Structures are given as structure tokens and as C-alpha cells.
Amino acid sequence: HSAWAAAQVGWTPPNSMPADAAHLFHACESGKGWEECRHYCTHNASFDAQAEPLKDIKTMHGYAEWMKGIAVVAMPGSSYELNAHSFDPETRTATFFGTFRGTHTGHLHGFPAPTHKSMETQYVYNMHVAPCGKVDRITKVWHSAWAAAQVGWTPATSMPADAAHLFHACESGKGWQECMHYCTHDASFDAQAEPLKDIKTMHGYAEWMKGIAVVAMPGSRYELNAQSFDPETRTATFFGTFRGTHTGHLHGFPAPTHKSMETQYVYNMHVAPCGKVDRITKVWHSAWAAAQVGWTPATSMPADAAHLFHACES
């Protein structure tokens, strides 16, 4: 009695789950990407979802790679659970109800910086199975906004990834070599602050910050106090605090004073339609910071004069 035997091992011909649909579910959710998923799909398998993060993805190829980024890069160590599955032989539709769990600890291009928050999100896949047995169409039903809120993303107003990456790269003294990846090539810079009055490009400012953070104040650190994004004006705002002690020799600055600063500032970054930053304005009370480390911009000792004295006398 073959039906009795099939029932014992979970097969129910002819309503059993097509093998390729089941393999596709597990390959996709475990972040195997298109390299694995393609074996279970037709070459032009389509994808659709009424969910903000997925609105521009129209192929299974694209979705498999998106899931790989989420499961492996953004949320390494993520897991999933298959809660239920079924197959409708009349419409040739395989349905999978799943739960995905992960913590946002990894940097993924196009997403906010890691929030270290966790999500537990439910979803359903409806997969259409072609006569050949492979999946040729997938629809995902998912409340993406609920998932986004869990990990600190708010899709409509979330911080553009490149703006967040630029803030951290700049403040940690990575210089233009790193910052250039997050800016347009001609990104401008402006600040009503004496030390920065002649710097008009993001290239110049990134190198200036590298000098401060790495050379003049080695071991410096910074804190991101708050951040927000205004989608109407496409302005990313970062409120930060920089801390450091002037122990290093930097050309154009006074000799080391061995005094410390704790200075607050705000960046307003304009984000171009391409997602990269094309304009930055820094609001900073530079005189207050200068006084903390013993620099008085208008009357400070020219660095070369100080260096010459010490070089000559020693």
C-alpha cells in the first residue's frame, strides 16, 4: 500500500511539496545566494513583494543575492524556522510560512550602519512551480516596516548608509582614501570656523580630520550622540563629541600642548539621489575647542617658529 508508506515518511503524492521549491526555500533563507538557488529556479524566475526594501527587486536572482547580504553580511549568525508549508496542485503553488531571526552587526552597502539590535520577523513565500518542476515565480508577503522597526531601521526616513559610513570614516581619521567611497567626487565642505575657513572640499576636510585624529591627537575617540534624516531635504544630521589630547606634531599647528579637548559639533550632510554625500556643513565652536588644548587661533604661536626653537636648542 504505497500511500500508507508515503504517509509514514511525509510524502503525499500527488500533493507532495515539489523538491525544488523546498530546496529553494532553504537555500534562500540560509543565505546561499543565486549560486545555489539557481539550481531550483527557471533562469528567468521572477520575484515580487509589496515591501519597501524589496520594491525594486523583480528577479529571483536579485532576491537571492539580497537575502545573502542580509543573512550572511548584515546579520551573520542569523537563523530561520520553517513553521509550515503546503502545496496546491491545482494552481501549482508551494507556500512556505517562516520566521527569520538575526542581529544587525555587519556593514552592508545600502543599509544603515550596524544597530546591534535584533529582529524576529514572520513572512510567507508563494512559489509557482513550472511543469518542469522548477520555480518560475515567487511572491513574498512580509510586513517589512515591523521588521525594520525591530532593528532600528525606519525605511522611509532611515539614515542613508553612505552618510553614516562617511561620518564614522571621517571621525576615526580614515582620510579621503576611505571617505571617497561615500561621497560624490566633487563633494563640497563648509564651516564657519577659523581652522576650517579655507577648506572647501570634502577631500580637504577628510585629510584635515585625519591629521587631527591620527597625528595631532593619536588615540583620539568620538561619540555619536544622535542622528536623523530629513527625506524632504535629503539632509542627514549627526551630533557628535570628539575627545583627544594634543601629543603629536602636526604641520601647521602649535607644538604639542599635552592638553585635552572634549568638543561637540554637528554635521549636516546633503545626500544626492545616487545615495552619496555631495555637500557637508559643519557647525562647530572651534574657539572653545582651541582654548581647551591651549590654542588661541588668532594669536597662537606659529608652528614652524616653535619647532625651530626646539630643534635649534636641542
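The values are calculated or read from the model by the stated rules, or taken from the named source; none is laboratory data. Computed from a prediction, not measured in an experiment: that's the story for all the values here. In this analysis, Cβ positions are derived from the backbone assuming ideal geometry, glycine residues included, and neighbour counts consider all displayed protein chains. The protein model used for the area step is the full one, side chains on, heavy atoms only, and it has no ligands, DNA or RNA in it. Shrake-Rupley method; radii C 1.70, N 1.55, O 1.52, S 1.80 Å.
Using a 1.4 Å probe on the protein heavy atoms, what percent of the accessible area of the range 27-82 belongs to carbon and sulfur?
48
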Next item on the list: Work out how much length Gln150 to Ala255 would gain on full extension: take 0.36 nm times their residue separation and subtract the Cα-Cα distance, in nm to one decimal.
Entry: 32.9 nm
Item checked: When the convex hull of its Cα atoms is projected in every direction, mean area for the range 165-281 (nm²) -> 7.0
Check: So how exposed is Lys259, as accessible area in Å² (1.4 Å probe, rounded to 10)?
Finding: 100
Checklist line | Whole-percent carbon and sulfur share, accessible surface of the range 118-206, 1.4 Å | finding: 54
Checklist line | J(HN,Hα) series, the range 117-124, from Karplus relation 6.51 cos²θ - 1.76 cosθ + 1.60, nearest Hz, glycine and proline x | finding: 9, 10, 10, 9, 10, 9, 6, 9
Notebook entry, point to check: Using modelled amide H (1.01 Å from N, peptide plane; none on Pro or chain starts), what sits under 5 Å from the amide H of Met17, excluding residues fewer than 5 places away?
Noted result: Thr12
Check: Leaving out same-chain residues fewer than 8 places away, which aspartates and glutamates sit with a Cα under 13 Å from that of Lys282?
Finding: Glu171, Asp190, Glu194
Next item on the list: Please give the length that would be gained between Ser79 and Leu308 if that part of the chain were fully extended, namely 0.36 nm times their separation in residues minus their C-alpha to C-alpha distance (nm, one decimal).
Entry: 76.2 nm
Next item on the list: Would you kindly work out the equivalent ellipsoid of the range 96-166 from its C-alpha gyration tensor and give its semi-axes, the square roots of five times the eigenvalues, largest first in whole Å?
Entry: 30, 14, 11
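What ranking of His185, His285, His307 comes out by heavy-atom accessible area, probe 1.4 Å, highest first? If you can, show how the numbers build up before the last one.
Numbers: His185 170, His285 115, His307 50 Å².
These residues rank, largest area first, as His185, His285, His307.
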Check: Counting Lys and Arg as +1 and Asp and Glu as -1, each charge on the Cβ, what is the dipole of the range 80-177 about the Cα centre in debye, to the nearest 20?
Finding: 100
Notebook entry, point to check: What relative contact order, as a whole-number percentage, does the chain give when Cα pairs under 8 Å and 6 or more residues apart are counted?
Noted result: 12
Notebook entry, point to check: For mean projected area of the Cα convex hull in nm², the choices are (1) 17.8; (2) 20.8; (3) 16.8; which was calculated from the structure?
Noted result: (2)
Note to self: What do you get for chymotrypsin sites (Phe, Trp or Tyr not before Pro) in the range 120-199 restricted to DSSP loop and a cutoff of at most 12 other Cβ within 10 Å of the site's Cβ?
What the structure shows: none
Check: Which Rg and Dmax, in Å, describe the Cα atoms of the range 13-67?
Finding: 11.8, 38
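Once R0 is set to 35 Å, what does the formula 1/(1 + (r/R0)^6) return for the Cβ-Cβ distance between Thr233 and Arg101, expressed as a FRET efficiency to the nearest 0.05?
The computed FRET efficiency comes out at 0.45.
State to the nearest 20 debye the size of the charge dipole of the chain about its Cα centre, where the only charges are +1 on K and R beta carbons and -1 on D and E beta carbons.
Dipole magnitude for the chain comes out near 160 debye.
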Check: Heavy-atom accessible area per residue, the chain, 1.4 Å probe: how many Å²?
Finding: 53
Checklist line | Per-pair calculated FRET efficiency, R0 = 25 Å: His109 and Thr139 via Cβ, rounded to 0.05 | finding: 0.45
